[in-house]
Structure formats: C-alpha cells, structure tokens
Amino acid sequence: MTAIERDVVIIGAGPSGLTAANELAKAGLTVAVLEARDRVGGRTWTDHFDGHMIEIGGQWVSPDQDALLDTLAELGLETYSRYREGENVYIDKHGEKRLFTGDIFPVKPETEAELIRLIDELDVIVAEIDAEKPWAHPRATEYDSITFKHWLEEATSDQEARDNISLYIGAAMITKPDHAFSFLQALLMAASAGSFTHLVDADFILDKRVVGGMQGVSIALAARLGDDVHLNQPVRTLRWSADGVVAITASGLEVHAKRAILAVPPVLFSRISYEPPLPRHQHQLHQHLSMGFVIKVHAVYETPFWREAGLSGTAFSPYELSHEAYDNTNHDDPFGTLVGFVSDRNADGVFELSAEERKERILESLSHYYGEQAKNPVFYYESDWGSEEWTRGAYAASFDMGGLSRYGADQRTPVGPISFSCSDFAGAGYQHVDGAIRVGRETAAAIAAELKG
Ligand code: FAD
C-alpha cells in the first residue's frame, strides 16, 4: 500500500477533473488525480483503427463555448470547421427524401409554419430560464412535472412538427425518449446553448472540431500535471471528516488530502463506498439522475462521395434509425467519414441484433440519406458507451421527472470536504466539454479560496 499526501485529491481524469486539478496547481496547491481507466479524457476519446482516426466520444465545439475555446487557445490546440457546403437531406414520415438548405426542414407549409411558431415560443420561454439555476424559475415545479412530450402535444396538433421539435432535444441531445424527461429539463438543455434557435442550427451547435481530436484537451491538461495523474486507479473508498479525506483505490493507493473533488459522471457516485455514508439528501438526489443512451456510428469511405453529389453530409429524420448524420471527415484526411447517431429506444432495439445485422440496419439507414454507396464503408465503428464500466451511457446524465426542480439546487453543494464537478452539473455548456471545464474551474476556485484563505 502506498500513501501520499496532497492538498486536494481529484477523482476522475476527464476534462472537468483535469481542469480543476490544473487550476488548483496554478493556485499553488498540491494535487493528485486518480483515474479508473488506463487513459485520460473520460467521455472524450480519440483512437486509431486501421489507420483511421475515430473520435469515439465528444468532439464538436460551438462558438458560444468560450471556456472550451479559451482552453484550446491556452493549450495551443487548433480547430477546423465541419464540412457543410451543399444541400442537407431530410426524410419525412413517408420515407420521402428532400434536399434543403438553412435550418428549417423541408416540410409542408403548414408544418413549417408550426415549426417556426414553436421555435419562437420556445425561445421566449428559454430566455426566461437561467441555465445556472433553472429550478429558480417561478414555474419550475410546474414545468418539471410535465413531460416534454406532453408540452408538445398541448402546443400543436401537427405530428410532424412535434416529431421534429422533439428530435432536437430528445434523440439529439438528452438521448432519452421525450416522455422520459420534463419540459424544465428540455428548457435547461436549450438555455445551456443560449436559445432553442441555437439547438436547431447545426452550423452553430456542431461548428468546429479539434485538430487531432477532443481528447487532446485532456491529454495536454494531464501532461501539465505529470506524475500527479495516476491511471488504472479506480477509487473504491472515500473516508471523510471535517479534517479531510482519504481516497483509497482498488490497488491500495491512498491519497490523504484536505479536500476531494468527485469529477465522475453522477451515475457512478454510488460505485464508491463513503465512510461515513453521504447524507440522506445526496443518497436521494443521486438516484434521480440517469444516463441517456446513444450509439455514435462512424463509417469511413475511400472519398467523401456525397460531396460530389452536392450534399453537405448533414441529414435528419425523426423517422430514420439514424436520426441525424454528418460529414465527419478528419482534418487533412483523404478518406471521407460519415457519423450517424442511433438514440434511446432505437439503440436498445439494435443492440438486440447480432453485430452484423446491426451494422447492416444502420448502414441501410445511412443509405437512405446518401445513396447505396453508404452501404460499403472501408471501415465501420460503433461507439458503445453503454458498455463502458466507467461511463455507462451517452452523452450524459439528466434528472428524471421532477428531479431537476426538487434536487438541482443541491447537485453541486459540497458535502463536508467533498465537492462535485462534472459537465452533467453545468449550466452553460450543460452535458458538454465546455460545461465540464466551467464547473471544473468554479469548483477549483471555491476550494482555492477556502484553502488559501
Ligand atoms: P467524464 O468525461 O465522464 O470523465 C470522468 C472520468 O472519471 C472518466 O475518465 C472516468 O473513467 C473516471 N472515473 C469514473 N469513476 C471513477 C472512479 N471511481 N475512480 C476514478 N476515476 C473514475 N461534448 C461536447 O462538447 N461536444 C460533443 O460533440 C460531444 N459529443 C459526445 C459524444 C459522445 C458519444 C459522448 C459519450 C459524449 C459527448 N459529449 C460531447 C459530452 C462530453 O464528452 C462530456 O460532457 C465530457 O467528457 C464530460 O467531462 P467530465 O470530466 O465531466 O466527465
């Protein structure tokens, strides 16, 4: 058994934990970061297969994500724009494919009018929501007691308009069916991106990527910490008292510290034994958070063939297995890559198939957008975060019905010497790398202020 002493122990070497650790080190405090996996980056993970670079987890940056943009600049990491020239594809509920430009899907004029009206209406309500404290809105409890599906049903009788608005928040963001999360949760998701209009605008939300991959952020942050990042060290026990903490890993490494930052997805909090147990309120709160579920599918081709057909690669349909897909060709790469997403119940469904059948079904769906050539990638990969012990879903955790208004205000309240830091507790940048960095900075600043007096 090895024991070390630090000012702060950080559990989890994702972007949030590594940001917090760097900020604390800058403030002159000593840190140790304990990471369960054999790599840093958490839900950001760049790997190479058959010579193809695949971003298995988080990758896109939007222009409002200034915490992430500042970090990229500070670390000297460059970005590049997602390819978006040409026409986008939409497939309607009858399976009819239509090309379009702009943000509004090419639906019949009455549905288009409904879409615009609903987006405007949502923008007005979202503008009233403070993403940092959605529970403080005067109607928070009411909004948190109705499902997003129910709100949509009350708002319009146009099924195709409902299906499309639901897609932006449900399948594409929270990755839960729209009957499984509240209207307040939907408003938080939009408020965290600045407006509902921003969510609808793929060119805004999925603007840029990081040259070399988003995991580069965590790799560079970890490099600055050197030997203070300990890989393959899942924390199993956290002893705590008013005097400090002892974090004990599976292999027996002990870190004695004044403070601990739990920088892991909240669904994993209960994997750690707390001595003494966490208070009743946290026991309850943590049970009301669960991971969404989405498969990110990567299909690599000899060339980005869709570009020759005048297509941007951007494709949507609430009626397709892959409800959205994009040109995901890497920087300076002659191969063309498409990325598609299969969300919530569709993801459950395809995981009941054999790997071959699943691949066939998903590529069939991509071929509806891009033509037969989409069925023959030179390389194919499914990101399956549901099977990752140290994540257990994708993209992130959100509250169940009523949970956000009931518990949200306390999700980051420290318990004695233990603080909580994760993108899933962010306001701006909620469920994104930007949010992970913001919360990491704020958590570190609060601890540094206390410890440095
Ligand atoms: P994590 O990244 O989950 O890091 C937590 C770390 O804690 C992990 O390394 C884990 O191994 C470790 N850990 C867990 N338990 C223990 C333990 N007991 N002991 C020690 N270590 C432990 N965001 C974007 O901004 N843009 C995107 O395009 C985007 N797309 C995404 C696509 C996918 C498929 C996924 C999965 C996520 C995506 N995200 C995206 C979300 C983004 O990746 C996350 O918001 C971000 O990584 C969260 O950072 P974090 O540090 O809060 O948590």
Run the Debye formula on the Cα coordinates of segment 1-133, all scatterers equal and no solvent, and tell me log10 I(q)/I(0) at q = 0.09, 0.16, 0.18 1/Å. -0.53, -1.11, -1.19
Expected 222 nm ellipticity per residue - DSSP helices of 4 or more, -39500 (n - 2.57), all of the chain, to 500: -10000 deg cm²/dmol
Got the relative contact order for the chain handy, in percent, Cα pairs under 8 Å and 6 or more residues apart? 26 percent
The distance between the Cα centres of segment 394-438 and segment 39-55, in whole Å, is 25 Å
In 10 Å bins starting at 0, how do the alpha-carbon pair distances of segment 1-75 split up by percent? 16, 39, 32, 12, 2
Could you tell me what % of all Cα pairs in the chain have separations over 32 Å? 38 percent
Each residue of segment 13-23 in turn: what ³J(HN,Hα) in whole Hz from Karplus with 6.51, -1.76, 1.60 and θ = phi - 60°, glycine and Pro shown as x? 9, x, x, 6, x, 6, 5, 4, 4, 5, 5
For the residue pair HIS48 and GLU85, what label-to-label distance in nm results when each label sits 7 Å from Cα along the Cα-to-beta-carbon direction? 2.8 nm
Exceeding the 28 Å Cα-Cα cut-off - candidates LYS97/LYS296; LYS108/LYS133; LYS296/LYS375; LYS208/LYS296: LYS108/LYS133
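Hey, what's the Kirkwood Rh for segment 211-318 if you take every pair of different alpha carbons, in angstrom?
Numbers: mean 1/r = 0.0543 Å⁻¹.
One over the average 1/r among Cα pairs gives 18.4 Å for segment 211-318.
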As a test of the definition: which semi-axes, in Å, follow for segment 109-200 when you take the square root of five times each eigenvalue of its alpha carbon gyration tensor? Largest first, please. 20, 14, 12
A correct Karplus calculation of ³J(HN,Hα) over segment 146-156, with 6.51 cos²θ - 1.76 cosθ + 1.60, θ = phi - 60°, whole Hz and x for Gly and Pro, returns 10, 6, 5, 4, 4, 4, 5, 5, 6, 7, 7
Test item: Cα-centred dipole of segment 109-200, Lys/Arg +1 and Asp/Glu -1 on Cβ, debye: 380 debye
Using a Förster distance of 45 Å, how high is the FRET efficiency between ILE116 and GLU254, based on the Cβ-Cβ distance and rounded to 0.05? 0.15
Between PRO414, LEU188, TYR395, whose Cα lies farthest towards the positive end of the dipole of the chain when Lys and Arg beta carbons carry +1 and Asp and Glu beta carbons carry -1, centred on the Cα centre? PRO414
Between GLN287 and VAL211, with labels modelled 7 Å along Cα→Cβ, what's the label distance in nm to one decimal, could you check? 5.1 nm
Using packing as a proxy for protection, rank 132-138, 440-446 so that the peptide with the highest average count of other Cβ atoms within 10 Å comes first. 440-446, 132-138
Can you compute the modelled spin-label distance between ARG224 and ALA73, with each label point 7 Å from Cα toward Cβ, in nm? 1.5 nm
Quick one: length gained pulling GLU450 to PHE379 fully straight, 0.36 nm per residue minus the C-alpha distance? 20.4 nm
For Cα pairs less than 8 Å apart in space and 6+ apart in sequence, what is the mean separation divided by the residue count of segment 109-200, i.e. the relative contact order in percent? 41 percent
Give the separation of the Cα centroids, segment 267-285 to segment 161-176, in Å. 32 Å
Using θ = phi - 60° and the Karplus form 6.51 cos²θ - 1.76 cosθ + 1.60, what ³J(HN,Hα) does each residue of segment 293-302 get, whole Hz, x for Gly and Pro? 8, 8, 9, 9, 10, 10, 10, 9, 10, 3
Counting other Cβ atoms within 10 Å of each Cβ, which GluC sites (Glu not before Pro) in segment 377-407 have at most 12 and sit in a DSSP loop? GLU389
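Every number here is computed from the coordinates shown, using simple stated rules; none is lab data. Being a predicted model, the structure only gives us computed values, none of them experimental. Cβ sites come from the backbone with ideal geometry, for glycine too, and all protein chains shown count toward neighbours.
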